[in-house]
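Asker: What follows is a single structure, and I will ask about it in a moment.
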Amino acid sequence: MAGFDWVQFRALFGAIRKGEERSDNGMGKSGGTSGTSRIVSLVFSFGVIAAMLLVGGLKLGQMGASVLTAFELSVVTLVAISLTMGFYTAVSSLFFSGDIAFYLALPVGGTTIVWAKLANYMAGMMAVDLAVLPLSLGVLAGRGEGPLTWVVVVLAFLLCCVAVNVALVLAALPIVRFSKLVADKDRFARVFGLVSTVFALAIVFVATLGAYDGADGIDAAAAASMVGGIASAPVARVAFCLLCPPLALGGLTFGAGSASLLGVLGMAALTACYVALLSVLSGRWYFDAVRGMAGGAASSSHGRYEAAELAQAVGSRSQFKAFFSVSVAQLVRVPAFFNQFVLTMWLLPAIMAFSGMIGAVGSSEGASFDEICALAATMTLDGTSGFVLLFVTALLAFFCCLLSFTFMRSVSMDGRDFFLFRTMPCDFGSYLMAKFAALTLVGRGPVVVLLLVAFLVLGLPPVTILAMLAFFVLATATCDLLALIIGARRPNLGWASESELSSSGEAFVLLLLSLVLSLLVMALPLACAIVPLVLGFDAGALPILGALVLLVIEFLAIRAYACGPATRWLATIEP
């Protein structure tokens with residue numbers, strides 16, 4: 001390959017990997033978890049996702065899904081994940097990362113640099129990609145296929161992983177080289193965030209509607225039919241084959257009368273063609289694409305402020321209001337933060353609401369909407385139906401609290417600007433509460449409005465609506481504030497690109513920590529509400545009111561800690 005040097009590649013790839021493993025937050029101490037903890041978290045997250053997909057694959061195999069359907073389902077899932085997660089990660093890693101300027105100064109060819117960066121990117125994405133493989137393996141186990149089929153499926157899927165990642169870079173390279181969209185990182189992140197959000201919602205809607213089969217729920221035949229329809233549609237087939245060329249030979253490899261060896265060799269040849277094409281294009285375009293970006297406008301986000309806003313910023317107001325306005329502007333105006341933290345908190349409740357609506361319609365057994373509203377109108381706090389509604393609200397709050405790890409990034413979002421606050425007579429209690437209020441308003445506010453609208457449409461009694469909203473708000477706020485305090489103890493303030501705050505290996509660890517926090521926060525209030533019902537005590541609405549009182553006490557105690565002892569950790573951080 002012209003411009004590629006194997007010795008330089010090995011040295012550069014090793015330097016990139018060691019640089020990431022030993023990276024700190026710019027203050028001489030790690031801004032995240034250790035290497036061992038990161039590996040453990042990745043292995044654990046891989047195991048959880050793989051186990052879920054393996055069980056689903058087993059059910060599909062036992063219900064008659066073919067090997068070709070299993071392969072196409074895995075590839076379609078792989079492409080969907082790569083489009084929603086991998087493309088922006090590839091662009092950030094190959095073109096926006098802070099170490100690009102250093103590598104450009106080395107006597108190393110562009111092909112060698114792009115392959116070293118690509119290998120580093122693929123090493124991180126491989127854990128996500130391989131987590132999809134157990135879906136196909138589960139189908140094989142459910143069908144009782146022999147070892148040869150297992151080997152062929154694994155080899156074909158590995159080739160697909162390589163081909164998809166190479167295809168993403170092939171798509172990104174001319175876009176970065178010739179498009180003015182990427183020259184402005186804010187505009188690129190905003191557009192891509194909107195497109196990926198719409199795409200993710202479309203995937204959820206299509207998957208839920210296409211695989212749902214009335215009273216039987218998610219049916220294997222319906223799922224197989226949906227995937228087969230998507231993969232065989234002319235336009236979609238062309239798009240999938242361009243993003244993953246080995247998919248074009250799936251019928252040859254796994255279809256009736258298949259020639260497995262010939263199909264795998266063909267897949268390898270197609271992947272090799274993409275690799276050769278990327279080597280040629282990277283040698284021609286990579287330097288030109290990134291030379292003007294290193295240290296330029298595309299290296300970091302930027303914002304513009306009007307004169308009236310600056311006048312208001314320097315006006316007389318409390319520290320809380322000042323920090324609050326800065327935090328809201330930061331979340332809304334910086335596309336990377338908006339996509340990573342705000343949209344994430346909006347999408348999960350929307351997906352849950354849509355899936356729940358589909359399930360409710362399927363299990364309603366012909367009940368009309370008026371009958372459902374009439375039943376909802378009888379759900380008072382002093383009846384069994386009130387406890388059922390409380391449990392549903394608590395379940396929604398629990399899943400929303402799984403995203404409390406976004407609050408752990410609140411202080412880290414300031415980066416080195418945090419030390420500007422240190423030079424001022426700053427009240428860190430107001431600083432933390434402003435961070436909490438800003439992300440709560442922007443991230444949780446629309447969810448609360450959505451929940452209120454749902455309750456009003458159902459026609460619940462006003463007192464019941466107030467109680468359920470209070471439980472949801474108090475439960476999520478308590479968990480979010482606790483997560484904010486934990487994140488403030490060890491912030492990452494030395495990041496060079498906003499994507500570094502969400503692409504580290506500790507993300508799943510933070511998700512698990514949010515899970516534990518959710519259980520701790522809601523365990524006692526739920527026990528207070530449910531235990532009397534289980535024991536047969538008729539206490540009226542007192543159990544639910546007691547649960548609300550306990551949540552208020554928890555929130556006030558954590559707020560007192562946030563405004564007192566928690567601020568000492570921030571005061572000890574030095575640049």
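Asker: Could you say whether any residue in the range 460-482 is in a helix (DSSP H, G or I), in contact with a helix residue (DSSP H, G or I) (Cβ under 6 Å, 6 or more places away or on another chain), farther than 25 Å from Ala527 by Cα and open to solvent by 10 Å² or more (accessible area, probe 1.4 Å)?
Answerer: no
Asker: Take Gly47 and tell me if it is crowded, with 16+ Cβ neighbours inside 10 Å and at pLDDT below 80.
Answerer: Against the criterion (crowded, with 16+ Cβ neighbours inside 10 Å and at pLDDT below 80), Gly47 does not qualify.
Asker: Right, something else. Do we have Leu533 as farther than 27 Å from Phe418 by Cβ, at pLDDT 80 or above and of a type in the set (A, V, I, L, M) here? It would help to see each step written out before you state the result.
Answerer: On the way: farther than 27 Å from Phe418 by Cβ: yes; at pLDDT 80 or above: no; of a type in the set (A, V, I, L, M): yes.
The answer is no for Leu533.
Asker: Okay, next question. Just to be sure, is Lys185 at pLDDT below 70, more than 29 Å from Ala272 (Cβ to Cβ) and open to solvent by less than 20 Å² (accessible area, probe 1.4 Å)? Outline the logic, then answer.
Answerer: On the way: at pLDDT below 70: yes; more than 29 Å from Ala272 (Cβ to Cβ): yes; open to solvent by less than 20 Å² (accessible area, probe 1.4 Å): yes.
In short, yes.
Asker: Any residue that is farther than 17 Å from Leu548 by Cβ, in contact with a Cys (Cβ under 6 Å, 6 or more places away or on another chain) and either surrounded by 14 or more Cβ atoms within 10 Å (Cβ to Cβ) or modelled with pLDDT under 80 (or both) - is there at least one of those in the range 369-388?
Answerer: Taking every residue of the range 369-388 in turn, none turns out to be farther than 17 Å from Leu548 by Cβ, in contact with a Cys (Cβ under 6 Å, 6 or more places away or on another chain) and either surrounded by 14 or more Cβ atoms within 10 Å (Cβ to Cβ) or modelled with pLDDT under 80 (or both).
Asker: Could you tell me which residue of the range 553-568 is farthest from Leu474 (Cα to Cα), considering only residues that are in contact (Cβ under 8 Å) with a residue 12 or more places away in the chain and open to solvent by 60 Å² or more (accessible area, probe 1.4 Å)? Step through it out loud before you land on a result.
Answerer: Initial filter on the range 553-568 (in contact (Cβ under 8 Å) with a residue 12 or more places away in the chain): 554-555, 558-559, 561-564, 566-567.
Subsequent filtering for residues that are open to solvent by 60 Å² or more (accessible area, probe 1.4 Å) retains 559, 561.
On the way: Arg559: 12, Tyr561: 17 Å.
The extreme case among them is Tyr561.
Asker: Let me ask another. Report yes if Ser430 is open to solvent by 10 Å² or more (accessible area, probe 1.4 Å), at pLDDT 80 or above and not hydrophobic (A, V, I, L, M, F, W, C), otherwise no.
Answerer: Details: open to solvent by 10 Å² or more (accessible area, probe 1.4 Å): yes; at pLDDT 80 or above: yes; not hydrophobic (A, V, I, L, M, F, W, C): yes.
Yes; evaluated as a whole, the condition is true for this residue.
Asker: Also, I was wondering about something else. If you go through the range 401-408 one residue at a time, do you hit one that is under 16 Å from Ile573 (Cα atoms), assigned to a helix (DSSP H, G or I), modelled with pLDDT under 85 and among the polar types (S, T, N, Q)?
Answerer: No - not one qualifying residue is present in the range 401-408.
Asker: Which condition number in (1) of a type outside the set (S, T, N, Q); (2) open to solvent by 30 Å² or more (accessible area, probe 1.4 Å); (3) at pLDDT below 70 is the one that Val326 fails?
Answerer: (3)
Asker: Is it the case that Gly487 is under 20 Å from Tyr561 (Cα atoms), touching a Lys or Arg at 6+ places or on another chain (Cβ under 7 Å) and either of a type outside the set (Asp, Glu) or modelled with pLDDT of 75 or more (or both)?
Answerer: Details: under 20 Å from Tyr561 (Cα atoms): yes; touching a Lys or Arg at 6+ places or on another chain (Cβ under 7 Å): yes; either of a type outside the set (Asp, Glu) or modelled with pLDDT of 75 or more (or both): yes.
Spelling it out, Gly487 is indeed under 20 Å from Tyr561 (Cα atoms), touching a Lys or Arg at 6+ places or on another chain (Cβ under 7 Å) and either of a type outside the set (Asp, Glu) or modelled with pLDDT of 75 or more (or both).
Asker: To continue, here is another question. Just one of (1) open to solvent by 20 Å² or more (accessible area, probe 1.4 Å); (2) modelled with pLDDT of 60 or more trips up Gly61, so point out which.
Answerer: Against the list (1) open to solvent by 20 Å² or more (accessible area, probe 1.4 Å); (2) modelled with pLDDT of 60 or more, Gly61 comes up short only on (1).
Asker: Moving on. Between a residue in the range 132-147 that is in a loop (DSSP other than H, G, I, E, B) and any residue that is open to solvent by less than 30 Å² (accessible area, probe 1.4 Å), which pairs come within a Cβ distance under 6 Å, given they are 6 or more apart or on different chains?
Answerer: Val132/Ser74; Val132/Leu78
Asker: When you look at Leu262, is it surrounded by fewer than 13 Cβ atoms within 10 Å (Cβ to Cβ), at pLDDT below 65, part of a helix (DSSP H, G or I) and among the hydrophobic types (A, V, I, L, M, F, W, C), yes or no?
Answerer: Working: surrounded by fewer than 13 Cβ atoms within 10 Å (Cβ to Cβ): yes; at pLDDT below 65: no; part of a helix (DSSP H, G or I): yes; among the hydrophobic types (A, V, I, L, M, F, W, C): yes.
In short, no.
The values are calculated or read from the model by the stated rules, or taken from the named source; none is laboratory data. On a predicted model such as this, the values are computed, not experimentally measured, just so you know. All Cβ positions, even for glycine, are placed from backbone atoms using ideal geometry, and neighbour counts span all protein chains on display. Heads up: the accessible areas ignore ligands, DNA and RNA and are worked out on the full protein's heavy atoms, side chains in. Shrake-Rupley method; radii C 1.70, N 1.55, O 1.52, S 1.80 Å.
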